[in-house]
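Structure record follows, encoded as structure tokens.
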Amino acid sequence: MFIDIHVHPAFYDPINGDEAVEEMRHSALDIHKNGTAPLEHIFNQMRCAGLDRLCLLPEDYTTELGRPVVTNEEVKALVDLAPDKFIGFASVDPFLPDAAQRLEHAFGDLGLKGLKLHPSRQHFYPCYERLNAVYDVCEAYKKPIIFHSGLSWEPNTLTKYSRPTEFEELAATRPGLKICLAHFGWPWVQETAMLMLKYPNVYADTGILYFDNAWEFYRRVFTQDLPATWIDRSLRHQVMFGSNNPRFEQIRMADAIGKLGFRESTLELIKGENAIEFLGGL
């Protein structure tokens, strides 16, 4: 089982019948060159990359934009169209007074599998007290959280909110809550590795590609910035494959991850087994 834990479905054709909404998504995410993609195209991309499942992540920036970029209901609709291929996450705007209730609806009624939050874009530190009610819901439903961490290409983002060390208090005080630091917290990948070493409830995904091509960038990050032995020996149960598609191409990243010299058993963990554990099963 090969799972991409980090995919944004903002431009999937079934949820883009409104041209104004589609244009809002291009502007909100600062992604302009691609059009909408029919599901047949998405499935072909998956085949080319060898992927079996995609984890679809919405974005709720209601405080900023007046509505989510992609709603939880839209993610649910996509999952219903291809339940054998899509895994749906929820998003909430933590500044809305009913954020916790919205998340309960997403988990209890929509059946979504986890929560995606973007501190840099939503402008909060992970230990903000206002997040406690949201974290309580995740713990009650035994659902994980994927946090954006490190650099973001999106507009209106402040990286200070997403530096990996900002997540330590959350990891320490809620050891039963599984959290993923997306993008491996780049450029602070060693900070991310430190947290993973110290806290078994901290995971990271590989959705990083900011310079060079996928192979060159992965080789730099996962064999030099982080010695390959750190992952192959110590962190192998906490790393998950993620692409951050559509910003980055899945096929190139899926190919590059297999060329880093990890043991085959480590690759199997990164490609799918760790994601299944993180999600609490499929």
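Table for the structure above
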item	result
Net length gained if the chain between Arg67 and Asp80 were fully extended (0.36 nm per residue, minus Cα distance)	2.4 nm
Fraction of accessible area attributable to carbon and sulfur, region 137-282 (%, probe 1.4 Å)	50
By accessible area with a 1.4 Å probe, ligands and nucleic acids excluded, highest first: order of Tyr128, Tyr135	Tyr128, Tyr135
Length gained when the stretch Ala172-Met24 is fully extended (0.36 nm per residue, less Cα-Cα span)	49.5 nm
Spread of Cα-to-Cα distances over 5 Å intervals beginning at zero, given as percent, for region 197-247	5, 18, 27, 27, 15, 8, 1
Region 45-180: antiparallel DSSP beta bridges as a percent of all, rounded to 5	10
Where labels lie 7 Å past Cα in the beta-carbon direction, separation of Leu282 and Lys198 in nm	3.5
MRE, 222 nm, helices only [DSSP H, n ≥ 4, -39500 (n - 2.57), over the chain, to nearest 500]	-9500 deg cm²/dmol
Distance-filtered residues of region 188-230 - backbone nitrogen under 20 Å, label point 7 angstrom along Lys33 Cα→Cβ	207-218
Probe 1.4 Å, protein heavy atoms only - accessible area per residue of the chain in square angstrom	41
P(r) weight above 18 Å for region 1-145, C-alpha pairs, percent	56
Fraction of antiparallel bridges per DSSP, the chain only, in percent to nearest 5	5
Solvent-accessible surface (1.4 angstrom probe) belonging to Arg236, in square angstrom, nearest 10	40
Apportionment of accessible area to carbon and sulfur, region 1-98, percent (1.4 Å)	51
Where Lys76, Lys259, Lys116 fall by accessible area, highest first, once all protein chains stay in place (1.4 Å)	Lys259, Lys76, Lys116
Ranked order, Val21, Val202 - accessible area, probe 1.4 Å, largest first	Val21, Val202
Region 106-238 - convex hull of alpha carbons, volume per residue in Å³	115
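The values are calculated or read from the model by the stated rules, or taken from the named source; none is laboratory data. Everything quoted here is computed from the prediction, not taken from an experiment. With ideal geometry, Cβ positions are generated from the backbone for all residues, glycine too; neighbour counts draw on all protein chains shown. Just the protein is used for accessible areas: all its heavy atoms, side chains included, with ligands, DNA and RNA removed. Shrake-Rupley method; radii C 1.70, N 1.55, O 1.52, S 1.80 Å.
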